[in-house]
Amino acid sequence: MGRTVLPWRVKQSKSGGAMATYRQPCIHCGEYIERDSRFCTKCASRSPFGYQCPFCLKDVERGQAACAGCGKSLMRVCPHCGGLTFAGSERCDLCTRLLMIRCENERCREAQHFERSTCSACGKKFKRAKEQIEALKKGEM
């Protein structure tokens, strides 16, 4: 029998009393997670409550043609299947393969959109971005 997951849970406050904290479902897998979470614990999504432009990291919505922050198109060609996909998601809409590459900085290793030229976490410029995209196309990443 399945476990019932409630959208809230009781948490101990600093004063010793109980307080309710609310959970929200991840937009990618539906798992209920804490509102202040940066990652989904089930599907490991980096944006569990919304989408971000992969270039300027401004919040965007699925279906937008361009980002209001940087003006870049939010529809991209998937390096795997060649189909058009929404750039704000971490996987291709058609073939469901990852659109992310890892930062080359050994201390960072943050996942980035495959078309970025610098890491959004540490600022390092990607030297081997083309090599990573080729590996992504071959399914090695």
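The values are calculated or read from the model by the stated rules, or taken from the named source; none is laboratory data. Because the structure is a prediction, the values reported are computed rather than measured. Neighbour counts run over all protein chains shown; Cβ positions are idealised from the backbone, glycine included.
Does the stretch 62-70 contain at least one residue that is part of a loop (DSSP other than H, G, I, E, B), small (Gly, Ala, Ser) and surrounded by 14 or more Cβ atoms within 10 Å (Cβ to Cβ)? Among the residues of the stretch 62-70, at least one is part of a loop (DSSP other than H, G, I, E, B), small (Gly, Ala, Ser) and surrounded by 14 or more Cβ atoms within 10 Å (Cβ to Cβ), which makes the answer yes. Conditions first: (1) closer than 30 Å to Tyr22 by Cβ; (2) not assigned by TED's automatic domain parsing to the domain that holds Tyr22. Phe114 passes all but one, so which condition is the exception? Checking Phe114 against (1) closer than 30 Å to Tyr22 by Cβ; (2) not assigned by TED's automatic domain parsing to the domain that holds Tyr22, the one that fails is (1).
When residues of the stretch 32-47 are filtered for being in contact (Cβ under 8 Å) with a residue 24 or more places away in the chain and assigned to a loop (DSSP other than H, G, I, E, B), how many remain?
Final tally of qualifying residues: 3.
Screening Glu106 on (1) buried (at least 16 other Cβ atoms within 10 Å of the Cβ); (2) modelled with pLDDT of 75 or more shows it passes everything except condition (1). Among the residues of the stretch 111-132, those identified as of a type outside the set (Gly, Ala, Ser), at pLDDT below 85, loosely packed, with under 15 Cβ neighbours inside 10 Å and in a loop (DSSP other than H, G, I, E, B) are Lys127, Arg128. Picking from Thr118, Thr96, Thr85, which residue would you name as being more than 25 Å from Pro25 (Cα to Cα), free of Cβ contacts under 8 Å to residues at least 40 places away in the same chain and polar (S, T, N, Q)? Within the list Thr118, Thr96, Thr85, the selection yields Thr118.
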